[in-house]
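**Student:** Take this structure, written in structure tokens, and hold onto it; I'll ask about it next.
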Amino acid sequence: MTRRAVVVERFSKGTSRTTGGSRGGQVNQRGQGRSWVGVNFWSRTGGPRMWTRYDAAIVRQELAVLAEHGCNVTRSFCYWPDFVPEPEHLEPSVLERFRDFLDAHVETGLGTIPTFIVGHMSGQNWDPAWRAGRDLYRDVWLVSQQAWFATEITRRFAAHQAVVGWLISNEMPHYGGPATSDEITAWARILVQAVRAGGGHQPVSLGDGAWGIEVTGRDNGYSIRALAPLVDFIGPHVYPMSDDLVRQSMAAALACELSASFDRPVVLEEFGLSSDFASDENAAHYYRQVLHTSLIAGAKGWLAWNNCDYDDLLDQDPYRHHPFEMHFGLTDRNGKPKPQLAEIARFSRLVAELDETGWEPIAGEVAIVVPEHFERVLYFTTVDYRKDIRDNLLQAYIAAREADLPVTFVRELDGLGGAAKLFLLPSAKLLMAPSAAHLVELAEGGATVYLSYFAGSAPSQIGPWVPWLGELFGIRHQLRYGLVDPIEDDEVVFSFVEAVGDLTRGDELRFRVAGTESSRAFLPVEPAGATVLAVDGHGRPALLRRKVGDGAMVLCTYPIEHMAARAPRVNPESTWRLYSALATSAGVDRPLTVRDPRVITGRLRTPVGELAVLVNASPDQVEVTLTTIGAAKYGRRRAEPGKALSQLTLPPFEVEVLARLA
């Protein structure tokens, strides 16, 4: 029996379940077919110390407000120092309060996901007094104490109706720090087995934030590739800081996309913001953007951080020294809902409709390639390489969404293949030699393969680690060893001398220039079999195409994605138009386009039809023109059902979900 079949069988027989699918399936609320939509929970009476300051009446008030606004689940925390004041001793009063807490969930119609090793919380680490500096991963006795704790809690509460899942830790990379992948994986295996030994039949994951190298490019030992076989879902925690409005709102979607490569459902396990950092109006905008863009990115569950504010705990750590942590709540200090909670309620209604039949993103005809160098620390490479890759991937992903492309990610380490008609290698400095050779095979099979040149931002080994550029793309490059060819203009203009998709002769694309001394560089080339499609402002080839078999190899001589990634407040920028033209030329199926890069689009497939999600990622009111192909028609799901739309108005940062009518 396959791993996926085991997961399906285990949870369909139990009270919660995961189900298979192209994006790894779903995690559902107890026996109701409801995807998780909820919050991370600490009561306002105590924050992390709620178990010693427990107020049952206030807890019920807090849960009732969440239930009234569409939440069906909380993530709860077994604060380790209070639960286990001495080795192998559970505090009876805390257990009694925790049981009442679970009972309160049942009373209000909610489930909860208890989290075991809560040593890190909101900007501070909290040790049981008896840890005495022992290593959380390597000390056998301390690992056994963690396993004992997980087993004892599951043994007592796994049968409780409120429990719908389990998490091993809260952001363990902050608490235990980095270690080798072998050490982390062994620790995780022991803890997951401890949950099963205690009778925990619900879905389980680690609570680590999905901060492993496969998503972040930073190697902390929490390899998602190694850990995915042990868990039932993957849970990104995403709190971006940015210099661009669209990158800020799309960071969570990228984390979900990158987490979805490993045949497990993705739950956006933490996201949110402090009201100290955003106005109420802009906080609601951010929630709306993140919820809907992560939906089209493949997320199957959502847990906001967090339920309430903690103004009355201003003298208590961590709020004393991290005061902004007091104000991440969906309700204020008195339990009054903030606008963000209204966005959760609205989104919950949409997810409830989708749950009636199930859904999955429509993706795959366009593939962004994740280089193997991103998820492996290979010899004599630097973290700067991987940071560049991640930033370039995010910018390419934004451009693909702006172009209404059915985009997914393929990992070079897993092999470049599949049914994609267009492969995008954005600002690609690093590619393994066998993959470079395989690119031609993809083109011979009918795909269009696009690669943009990138010398790298680090001063070491300047230049492309992509062999056979000349043979692959039909060019002769004019590079000089150890030097770059600097882009001296502040703006690069591509002038098209041949038609590409819907770009015609004479069309121009403009790109803002940014980057370091080495990355702000172009590739000087002469065509040697390739056709020049566009030239720069100096008449030099900027875009070239070599026809190969039934497909084509397309080379961009400028790192346009990287330049955009290094430019503040740049989106939307012109890369989307190039990607759209390449997709048209490659025959990518896009039954609906909006032709306005301020609007992010994605489509969902359900058993009863297709939905299109339109997200206005801008502060502008956008008059959207819907362009459809063939017989395709789209309309509103409720207002004027059955009436096809050709135009609609999207207010700033608003969302519209349309149904395909034909």
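The values are calculated or read from the model by the stated rules, or taken from the named source; none is laboratory data. Since the model is a prediction, treat every value here as computed from it, not as a measurement. Glycine gets a Cβ as well: all are built from the backbone with ideal geometry, and neighbour counts include every protein chain shown. With ligands, DNA and RNA removed, areas are computed over all heavy atoms of the protein, side chains included. Shrake-Rupley method; radii C 1.70, N 1.55, O 1.52, S 1.80 Å.
**Student:** What whole-number value in Å² describes the accessible area per residue of the chain for a 1.4 Å probe? Show your work: numbers first, answer last.
**Tutor:** On the way: 23460 Å² over 662 residues.
That works out to 35 Å² for each residue.
**Student:** Another one. Starting from the eigenvalues of the Cα gyration tensor, five times each then square-rooted, give me the equivalent ellipsoid semi-axes of the stretch 145-228, largest first, whole Å. Mind showing how you got there, number by number?
**Tutor:** Values: eigenvalues 122, 31, 20 Å².
Equivalent ellipsoid semi-axes, largest first: 25, 12, 10 Å.
**Student:** Compare the Cα positions of His477, Val492, Trp465 along the charge dipole of the stretch 422-513 (+1 at Cβ of Lys, Arg; -1 at Cβ of Asp, Glu; about the Cα centre) and return the one farthest towards the positive end.
**Tutor:** Farthest towards the positive pole: Trp465.
**Student:** Name the residue from His438, Trp302, Val525 whose Cα lies farthest towards the positive end of the charge dipole of the chain, charges +1 on Cβ of Lys and Arg and -1 on Cβ of Asp and Glu.
**Tutor:** Going by the charge dipole, the pick is His438.
**Student:** Here is a follow-up. Which value, in debye to the nearest 20, describes the size of the charge dipole of the chain about its Cα centre when Lys and Arg Cβ atoms bear +1, Asp and Glu Cβ atoms bear -1, and nothing else is charged? The partial results should precede the final answer.
**Tutor:** Numbers: 66 positive and 80 negative charges, 301 e Å.
For the chain, the charge dipole is close to 1440 debye.
**Student:** I need the chymotrypsin sites (Phe, Trp or Tyr not before Pro) found in the stretch 476-573, filtered to DSSP loop residues with at most 15 other beta carbons within 10 Å of theirs.
**Tutor:** Values: sites: Tyr481, Phe494, Phe496, Phe511, Phe522; in loops: Tyr481.
Those that pass, being in a loop and sparsely packed, are Tyr481.
**Student:** What does a probe at Arg218 reach in the stretch 173-201, counting residues whose amide N is under 15 Å from the point 7 Å along Cα→Cβ?
**Tutor:** Inside the label zone: 173-179.
**Student:** Let me ask another. Determine the gain in length on full extension of the stretch Arg637-Asp550; use 0.36 nm per residue of separation and subtract their C-alpha separation, reporting nm with one decimal. Write down the numbers at each step before the final one.
**Tutor:** Working: separation 87, 0.36 × 87 = 31.32 nm, distance 4.01 nm.
Fully extending the segment from Arg637 to Asp550 adds 27.3 nm.
**Student:** Explain nothing, just the number: relative contact order of the chain, from Cα pairs under 8 Å at least 6 residues apart, as a whole percent. Display every interim value, and only then the final one.
**Tutor:** On the way: 1543 pairs, mean separation 73.6, N = 662.
With pairs under 8 Å counted, the relative contact order is 11 percent.
**Student:** Hey, which of these cross-link pairs are over 31 Å Cα-Cα: Lys387/Lys633; Lys429/Lys633; Lys336/Lys633; Lys336/Lys643; Lys338/Lys633; Lys300/Lys387? Walk me through the numbers before you get to the answer.
**Tutor:** Working: Lys387/Lys633 41 Å; Lys429/Lys633 41 Å; Lys336/Lys633 42 Å; Lys336/Lys643 39 Å; Lys338/Lys633 37 Å; Lys300/Lys387 27 Å.
Correct reply: Lys387/Lys633; Lys429/Lys633; Lys336/Lys633; Lys336/Lys643; Lys338/Lys633.
**Student:** Another question about this same structure. Give a quick list of GluC sites (Glu not before Pro) in the stretch 411-512 that DSSP marks as loop, anything other than H, G, I, E or B, with at most 10 other Cβ atoms within 10 Å.
**Tutor:** On the way: sites: Glu412, Glu441, Glu444, Glu471, Glu488, Glu491, Glu498, Glu508; in loops: Glu488, Glu498.
Passing sites in the stretch 411-512 are Glu488.
**Student:** At a 1.4 Å probe, what is the % contribution of carbon and sulfur to the accessible area of the chain?
**Tutor:** Numbers: 11730 of 23460 Å².
Exposed carbon and sulfur together represent 50 percent of the surface.
**Student:** By average Cβ neighbour count within 10 Å, what is the ranking of 274-281, 165-172 from highest down?
**Tutor:** Values: 274-281: 13.5, 165-172: 27.0.
Top of the packing list down: 165-172, 274-281.
**Student:** Return the FRET efficiency for the residue pair Asp280, Asp243: r is the Cβ-Cβ distance, R0 is 25 Å, and the value is rounded to the nearest 0.05. The partial results should precede the final answer.
**Tutor:** On the way: r = 23 Å, r/R0 = 0.92.
Computed FRET efficiency for Asp280 and Asp243 comes out at 0.60.
**Student:** May I ask you to evaluate 6.51 cos²θ - 1.76 cosθ + 1.60, the Karplus curve with θ = phi - 60°, for each residue of the stretch 299-311 and list the ³J(HN,Hα) values in order in whole Hz, giving x for glycine and proline?
**Tutor:** Each residue of the stretch 299-311 in turn: 4, 10, x, 9, 10, 6, 10, 8, 6, 8, 8, 10, 4 Hz.
**Student:** Another question, if that's okay. Sort 319-325, 355-361 for me by packing, meaning the mean count of neighbouring Cβ atoms within 10 Å per residue, highest on top.
**Tutor:** Numbers: 319-325: 15.6, 355-361: 17.4.
Going by the mean number of other Cβ atoms within 10 Å, highest first, we get 355-361, 319-325.
**Student:** In addition: What is the gain in length, in nm to one decimal, between Ala56 and Thr357 on full extension, counting 0.36 nm per residue of separation less the C-alpha to C-alpha distance? Present the calculation step by step, with values, prior to reporting the outcome.
**Tutor:** Numbers: separation 301, 0.36 × 301 = 108.36 nm, distance 3.70 nm.
Value of the extension gain: 104.7 nm.
**Student:** Let me ask something else about it. Within a Cβ distance under 12 Å of Pro434, other residues only, what is the Lys/Arg minus Asp/Glu net charge?
**Tutor:** On the way: positive: none; negative: Glu372, Glu412, Glu441.
Overall, the nearby charge balance is -3.
**Student:** Hey, another quick one. Count charges around Arg569 for me, please; just the other residues with Cβ under 13 Å from its Cβ, Lys/Arg as +1, Asp/Glu as -1. All intermediate terms of the calculation are to be shown ahead of the outcome.
**Tutor:** Details: positive: Arg247, Arg512, Arg566; negative: Asp243, Asp244, Glu573.
Charge balance in the 13 Å sphere: 0.
**Student:** Binning at 10 Å from 0, report for the stretch 278-380 what percent of all alpha-carbon pair distances ends up in each bin.
**Tutor:** 12, 31, 24, 21, 11, 1
**Student:** How long are the three semi-axes of the equivalent ellipsoid for the chain, computed from the Cα gyration tensor as the root of 5 times each eigenvalue, in whole Å, largest first? Don't skip to the end; give the middle numbers.
**Tutor:** Details: eigenvalues 394, 156, 100 Å².
Semi-axis lengths for the chain are 44, 28, 22 Å.
**Student:** Hey, with R₀ at 22 Å, roughly what FRET efficiency would Val493 and Lys387 work out to, going by the Cβ-Cβ distance, to 0.05? All intermediate terms of the calculation are to be shown ahead of the outcome.
**Tutor:** Details: r = 28 Å, r/R0 = 1.29.
After rounding to 0.05, the efficiency reads 0.20.
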